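Report on one structure; see the data block that follows.
The values are calculated or read from the model by the stated rules, or taken from the named source; none is laboratory data. The shown structure was predicted, so the numbers you read here are calculated from the model rather than taken from an experiment. Here the Cβ positions follow ideal geometry from the backbone for every residue, glycine too, while neighbour counts run over all protein chains shown.
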Amino acid sequence: MSGVVTPVRAIQLSYGIVLRQLITRGRLAALLLVGAVVAAIAIAVGASDNRTDPVETGVRLISDLGFTTLVPIVALVFASAALGDMREDGTLVYLWLRPMDRWPIAVGAWLASITLSLPLTLVPLVVSAVAVDGGSDLVRATVLAGVIGVVAYSALFVLLGLLLKNSIVWGLGYILIWEGIVAAFGSFAAKLAIRGYTRSILTSLTDINLDLGDLSLPVAVIVPLVVAAVALVLAAVRLHAMDVA
Amino acid sequence: MADWAPPAAQPDVPSSPVIDPNAMVAVDNVTKSFGDVVAVSDVTFSVGPGVTALLGPNGAGKSTLFRVMCGLTAPTSGTVRVLGADARNDRAVRGRIGLVPQQDALFDRLSAHRFVEVSAQTHGIVDADSAARRVLDLVDLDADEAKPVGAYSKGMRQRVKLAAALVHEPDLLILDEPLTGLDPVQRNRMIRLFHQLGDDGKCLLVSSHVLDEVARLGSRVLVIAQGRLAATGDYRDLRGLMDDRPHRIRVAADGARALAAALVARDLVNGVSIAVDSLMVDTNDVDRFGRHIAIVAKECGVRLREVEPTDDDLESVFRYLVERR
C-alpha cells in the first residue's frame, strides 16, 4: 500500500520530525542565555566612553564572541543532535526503513538545524552590532557572516552527529582546539576553519582589518557553501552505508 | 518445515535447510559479526505467509537477525532476500516491510496519532490521517489522545509501535518482542491480530524469549541460541523435546545413600551423585521418576525433604539444543 515519497516530500517530513525533536526547553533556554550574554556584553561596551572607533570595536567583539563562540556552539548543539540523537536512541529507523531516498533525510535535518540556529545567533549578533554603533555595514556583514557560518557549521555537525558518538564533545574539541587555536597559527590553517571565512566576510564588508581575515568576499562566501554541500553529500553517503539500531 | 532437529543428531533432517525460492524471507548461510563477537552464525532458513515465531533467550541473536533481514545492518557473510530483494538497497521493498523494533524508542514529543501519521506519510500514503486512525483503533488506542507518547506506559508504547508498523499494510511484518509490557488482555488481542494477518497472507516473524507466548503465537517455530539456529519445526515437537531430554534433579533426603541405591536398582535414573544429605540424579524419564520417588523413599524408610529439578528453565532447553548440534 506504500506510495511514492518524492525527495521534496521526504525533506519536508525529515525537517518536520527533526525540528520537533530538537526543540526542547533546556536547549532553547541555554542557548538564549548564551546569546543574551553576548548581546549584554556588546551593550555594555557600546555604553562605555573609551572607544576610539565603534566599527572596529564592534567588528572585533562580534568576531571574537559571535563567530568564535556563539555561532559554532549553537550550530553544534542543534546540528549534531539532529540525526545524532536519533541514531543513538534508535528512532532513526523510523526514517531510514522507508521507501524513500536517504539524502533528503540529511537535508531535512540540516534545514531544521539552520531554522533553529539562525534566530538564536543572528538576533543577539545584530543587537550587538547596533549596540556598539557599528553602522549598517557592520549589521550587513554580521548577517551575511552569520548566515554563512550557520549554514556551514550546521552541515559539518550534522555529518559529525552521524559519524561519532558523543559528537557534541568532539564538536566542542573542534571549535575550541582547531578553530580556536590551530587556525590562529597562520593564513593556511585559517583557510581550514570556517572561522577564517566568517572573519573575512566581516573584514571585506567593513574595511576593518582582522588577523587571518584576508580572503576576498566571493571566496569567503563560496567556500563555506561548498564545504556545506560536501558535508551533506558525505552525510547522505554515511546514512546509506551505516548500521541502524 | 523440518522436524525438530539438531541436524547432526537426526540424519533425516538436512543440516542446511533448503531455501524455498518462492519464500517471502530467505536467509542463506548468514553470519553477522561485530568485531570478534559473532552475533549470528551461519543461519539458514526460509519462511512464507503466516505467523512464524523466533524463540531464543535474551542475547541469542534474534534482534540482530531481524536487523539483517530489514537491511538495517549488512550480513558479514551470506545473503538475505526479503520479498525477493535486498531491503538495504531496494527502496520498493522497504515499503512492504513493517518493523516493530525491540528498543523502546519513539518520537516522544509526538502524540500517538501524529507518530503513526508520520509513519504513514513516510510510506507515501495519501490519506495518512485516516490510515493512522484505522490502525490505532486496531491496537485499541485513542487516536484523539493529545498526550505525547513519551508519557505513555510501556504497553501503550508497544501498541503505538505496532500501529506504526501496520499503517501501510505491509506484506512482511517483523515484530521484535512485540508483546513485552502488554497486559494479558492486550496480549491476547494482539496474538489474535497476528493470526488474522497471517491468515490474510501476510508473513509475520515474531520473536520472543517466553515459551508460553510462542505456544500461542503459532505452530511454526525457529529456535535460535548463541547466534545459531538450534532447531526449526512445530511447537508441539519442541514441547515434546523439552519433556524427553535428560533432566537433572536434586533430591534432599535423610539416608541419601540408601535412596540412591534403591533408585539405581529400580532403573529409575541414569546416574547418581551423592552428597551428605542429598542426591543429584540424571533421568531421561522425568514422569516415571516423579511417580516413583516417593514410593521408593517410603520403602527405604527415607524421609524426603525436597525434590527439585535444576534444569527446568528455558535456558537449559536452549543449551541442550545447541549442545546436541
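For every residue, the table says whether it meets (1) surrounded by fewer than 18 Cβ atoms within 10 Å (Cβ to Cβ); (2) over 23 Å from residue A:201 (Cα atoms); (3) free of Cβ contacts under 8 Å to residues at least 12 places away in the same chain.
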site: A:18; (1), (2), (3): no, yes, no
site: A:26; (1), (2), (3): yes, yes, yes
site: A:36; (1), (2), (3): yes, yes, no
site: A:58; (1), (2), (3): no, no, no
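Within 12 Å of chain A (Cβ to nearest Cβ), crowded, with 21+ Cβ neighbours inside 10 Å and either touching a helix residue (DSSP H, G or I) at 6+ places or on another chain (Cβ under 8 Å) or not polar (S, T, N, Q) (or both) - does that describe any residue in region B:207-216? No, region B:207-216 contains no residue that is within 12 Å of chain A (Cβ to nearest Cβ), crowded, with 21+ Cβ neighbours inside 10 Å and either touching a helix residue (DSSP H, G or I) at 6+ places or on another chain (Cβ under 8 Å) or not polar (S, T, N, Q) (or both). For region B:116-130, a residue qualifies if it is more than 8 Å from every other protein chain (Cβ to nearest Cβ) and in a helix (DSSP H, G or I), and the qualifying residues are B:116, B:117, B:120, B:128, B:129, B:130. Once region B:28-77 is narrowed to residues that are in contact with a Leu (Cβ under 6 Å, 6 or more places away or on another chain) and within 16 Å of residue B:100 (Cα to Cα), the residue that is nearest to the other protein chains (Cβ to nearest Cβ) is B:70. Among the residues of region B:80-89, none qualifies, meaning not one is farther than 25 Å from residue B:190 by Cα, surrounded by fewer than 17 Cβ atoms within 10 Å (Cβ to Cβ), of a type in the set (Lys, Arg) and modelled with pLDDT under 95. Looking at region A:70-84, can you tell me whether even one residue there is more than 22 Å from residue A:16 (Cβ to Cβ), away from every other protein chain (no Cβ under 14 Å), surrounded by fewer than 23 Cβ atoms within 10 Å (Cβ to Cβ) and not charged (D, E, K, R)? So far as region A:70-84 goes, yes, one or more of its residues are more than 22 Å from residue A:16 (Cβ to Cβ), away from every other protein chain (no Cβ under 14 Å), surrounded by fewer than 23 Cβ atoms within 10 Å (Cβ to Cβ) and not charged (D, E, K, R). Taking region B:48-78 as the range and being more than 18 Å from residue B:318 (Cα to Cα) and of a type in the set (A, V, I, L, M, F, W, C) as the test, the residues that pass are B:51, B:66, B:68, B:69, B:70, B:72, B:74. Residues in region B:69-78: is at least one touching a residue at least 24 places away in the same chain (Cβ under 8 Å), part of a strand (DSSP E or B) and assigned by TED's automatic domain parsing to the domain that holds residue B:224? Checked region B:69-78: at least one residue is touching a residue at least 24 places away in the same chain (Cβ under 8 Å), part of a strand (DSSP E or B) and assigned by TED's automatic domain parsing to the domain that holds residue B:224. One residue stands out among those in region B:131-157 that are within 14 Å of chain A (Cβ to nearest Cβ) and assigned to a helix (DSSP H, G or I): the one that is surrounded by the fewest Cβ atoms within 10 Å (Cβ to Cβ), which is B:150. Residues in region B:94-112 that are under 18 Å from residue A:2 (Cα atoms) and more than 8 Å from chain A (Cβ to nearest Cβ): B:98, B:100. Here residue A:132 passes the criteria (1) out of contact with any Pro (no Cβ under 6 Å at 6 or more places or on another chain); (2) of a type outside the set (D, E, K, R); (3) farther than 23 Å from residue A:15 by Cα except the one numbered (1).
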